[in-house]
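Here the structure is laid out as structure tokens; the discussion comes afterwards.
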Amino acid sequence: MKYIDEFQNPELARRLLDDIHATVTRPWALMEVCGGQTHTIIRHGIDQLLPEQVELIHGPGCPVCVTPLEVIDKALEIASRPDVVFCSFGDMLRVPGTGRDLFQVRSEGGDVRVVYSPLDALRIAQENPGREVVFFGIGFETTAPPNAMTVYQARKLGIRNFSLLVSHVRVPPAIEAIMRSPSCRVQGFLAAGHVCSVMGMGEYPELAARHRVPIVVTGFEPLDILEGVRRAVRQLERGEHTVDNAYARAVRPEGNPAALAMLEDVFEVTDRAWRGIGVIPDSGWRLSSRYREYDAEHRFSVTGINTLEPAECRSGEVLQGLLKPHECEAFGTLCTPRSPLGATMVSSEGACAAYYLYRRLELTPARTAVSPEASPVA
């Protein structure tokens with residue numbers, strides 16, 4: 001298949017690895033921003049094939065994982081109401097709130113539906129004018145434009161029984177927060193290509209210059225990751241810190257003008273809490289004043305939410321790159337995809353889920369063996 005098989009070619013992967021091995025002379029720590037990139041790295045054993053001097057730190061780029069517990073609990077409260085049809089992508093249904101999840105709400109009689117597009121939720125609102133239909137709008141810059149378009153359409157069509165529970169977050173402020181952390185060890189970033197395909201690369205040069213870190217826009221296949229690492233290591237070895245687009249087949253420097261215009265119209269930038277990390281200034285979106293009537297938090301006035309994270313869950317440290325999933329005492333025992341303590345074990349992009357799928361049978365350190373479940377690159 002075009003652009004899939006070609007970017008998993010073992011021979012090309014070996015050439016890239018040889019180049020990285022020949023280039024690196026000292027230890028470097030790189031952070032891949034996106035959870036999709038993390039899954040590629042762990043599934044194909046890429047971190048085990050790199051030189052020992054190159055460490056990959058898993059970043060907070062899993063939209064399900066960083067949705068704050070308070071928002072999850074608000075979703076549970078709204079979804080429990082008898083007059084509400086609560087619509088969501090499937091990966092949110094098992095994310096634990098305080099004591100329960102959306103699956104449990106559905107088992108208790110709540111009308112919780114899995115949809116594949118926010119426009120599906122808008123159609124449900126059209127078909128059920130006597131009920132309130134809420135779509136759970138979470139994610140990074142990649143999912144924000146279709147959610148914005150749906151609210152725009154609802155307003156244009158006069159559909160008043162539709163609303164959006166918003167928890168959208170933005171990548172550049174998160175990079176800023178990571179670099180300002182006293183415990184930060186990151187020396188370079190592999191930026192998420194799909195985010196940049198929407199937003200462009202305009203916010204990254206200032207970050208790279210201010211913190212003196214290379215930022216390489218990278219895709220999601222094994223060769224994409226290796227090429228991103230190669231370019232980042234080469235910059236670090238040369239003492240450079242620029243923004244480099246290694247995903248030019250999908251990313252233009254200016255991004256997607258139509259998507260940007262829609263975001264500008266429907267949303268406004270706001271401070272946003274990230275699960276396990278805390279509030280990051282200007283790191284999220286909320287509906288602008290023109291569309292405030294479609295804000296589910298505003299419409300349902302959910303208050304009195306008391307959140308409680310499981311004491312055993314260390315997903316916050318995982319999301320900050322301070323802890324590898326298998327270093328958590330609950331990993332694979334108290335916490336599994338079937339009975340998760342935190343969102344990082346639930347999401348298809350969560351780092352804990354990646355380690356559980358591809359590394360849980362390993363008994364040796366990550367750099368000394370290749371997982372029996374992971375097929376490195378090939």
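The values are calculated or read from the model by the stated rules, or taken from the named source; none is laboratory data. In this text, all values refer to a predicted model and were calculated from it rather than measured experimentally. Neighbour counts run over all protein chains shown; Cβ positions are idealised from the backbone, glycine included. These accessible areas exclude ligands, DNA and RNA; they are computed on the full protein's heavy atoms, side chains included. Shrake-Rupley method; radii C 1.70, N 1.55, O 1.52, S 1.80 Å.
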> Just wondering, is there one or more residues in region 147-154 that are under 30 Å from E317 (Cβ atoms) and open to solvent by 60 Å² or more (accessible area, probe 1.4 Å)?
Replying inline: no
> Is it the case that V251 is under 24 Å from R314 (Cα atoms) and β-branched (V, I, T)?
Replying inline: no
> List, please: which pairs have Cβ atoms under 6 Å, are six or more places apart or on different chains, and start with a residue in region 315-340 that is farther than 21 Å from C34 by Cα and end with one that is surrounded by fewer than 17 Cβ atoms within 10 Å (Cβ to Cβ)?
Replying inline: A330/E312; G332/R360; L334/E312
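Does region 319-344 hold any residues that are more than 24 Å from K74 (Cα to Cα) and either assigned to a helix (DSSP H, G or I) or basic (K, R) (or both), and which are they?
Across region 319-344, the qualifying residues are K324, P325, H326, E327.
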> Can A177 be described as in contact with a helix residue (DSSP H, G or I) (Cβ under 9 Å, 6 or more places away or on another chain) and touching a residue at least 12 places away in the same chain (Cβ under 8 Å)?
Replying inline: no
>> Between S315, S348, S283, which is under 21 Å from I138 (Cα atoms), modelled with pLDDT of 95 or more and of a type in the set (S, T, N, Q)?
In response: S283
> Using beta carbons and a limit of 9 Å, which pairs, at least six apart or on different chains, have the first residue in region 247-267 and closer than 16 Å to V151 by Cβ and the second one open to solvent by 50 Å² or more (accessible area, probe 1.4 Å) and of a type in the set (A, V, I, L, M, F, W, C)?
Replying inline: A259/M149; M262/M149; V266/M149
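Tell me the strands (runs of 3 or more DSSP E) entirely within region 1-120 that contain at least 1 residues that are surrounded by 22 or more Cβ atoms within 10 Å (Cβ to Cβ), among the small types (G, A, S) and at pLDDT 95 or above.
Ranges flagged: 84-88.
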> Given the conditions (1) free of Cβ contacts under 8 Å to residues at least 24 places away in the same chain; (2) within 24 Å of the chain's Cα centre (by Cα), and given that L308 satisfies all but one, which numbered condition is not satisfied?
Replying inline: (1)
> Which one of these does V269 not meet: (1) open to solvent by 20 Å² or more (accessible area, probe 1.4 Å); (2) closer than 30 Å to L16 by Cβ; (3) in contact with a strand residue (DSSP E or B) (Cβ under 8 Å, 6 or more places away or on another chain)?
Replying inline: (2)
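Would you mind finding the one in R100, R81, R155, R94 that is touching a residue at least 40 places away in the same chain (Cβ under 8 Å), touching a Leu at 6+ places or on another chain (Cβ under 8 Å) and among the charged types (D, E, K, R)? Even if it seems obvious, please write down each step before you answer.
Numbers: R100 fails: touching a residue at least 40 places away in the same chain (Cβ under 8 Å); R81 fails: touching a Leu at 6+ places or on another chain (Cβ under 8 Å); R155 fails: touching a Leu at 6+ places or on another chain (Cβ under 8 Å).
Being touching a residue at least 40 places away in the same chain (Cβ under 8 Å), touching a Leu at 6+ places or on another chain (Cβ under 8 Å) and among the charged types (D, E, K, R) holds for just one of R100, R81, R155, R94, which is R94.
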>> With the structure loaded, tell me whether G130 is assigned to a strand (DSSP E or B) and without any contact (Cβ under 8 Å) to a residue 40 or more places away in the chain or whether it fails that test.
In response: no
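In the set E317, E309, E329, which member is within 23 Å of R170 (Cα to Cα) and acidic (D, E)?
Exactly one of E317, E309, E329 is within 23 Å of R170 (Cα to Cα) and acidic (D, E), namely E317.
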> Quick one: in region 283-305, which of the residues that are open to solvent by 80 Å² or more (accessible area, probe 1.4 Å) and within 24 Å of M199 (Cα to Cα) is nearest to the chain's Cα centre (by Cα)?
Replying inline: R286
> Scanning region 264-318 for residues that are among the polar types (S, T, N, Q) and assigned to a helix (DSSP H, G or I), which turns out nearest to L157 (Cα to Cα)?
Replying inline: S289
>> Of the conditions (1) surrounded by fewer than 19 Cβ atoms within 10 Å (Cβ to Cβ); (2) touching a helix residue (DSSP H, G or I) at 6+ places or on another chain (Cβ under 8 Å); (3) not hydroxyl-bearing (S, T, Y), V279 satisfies every one except a single condition; which number is it?
In response: (2)
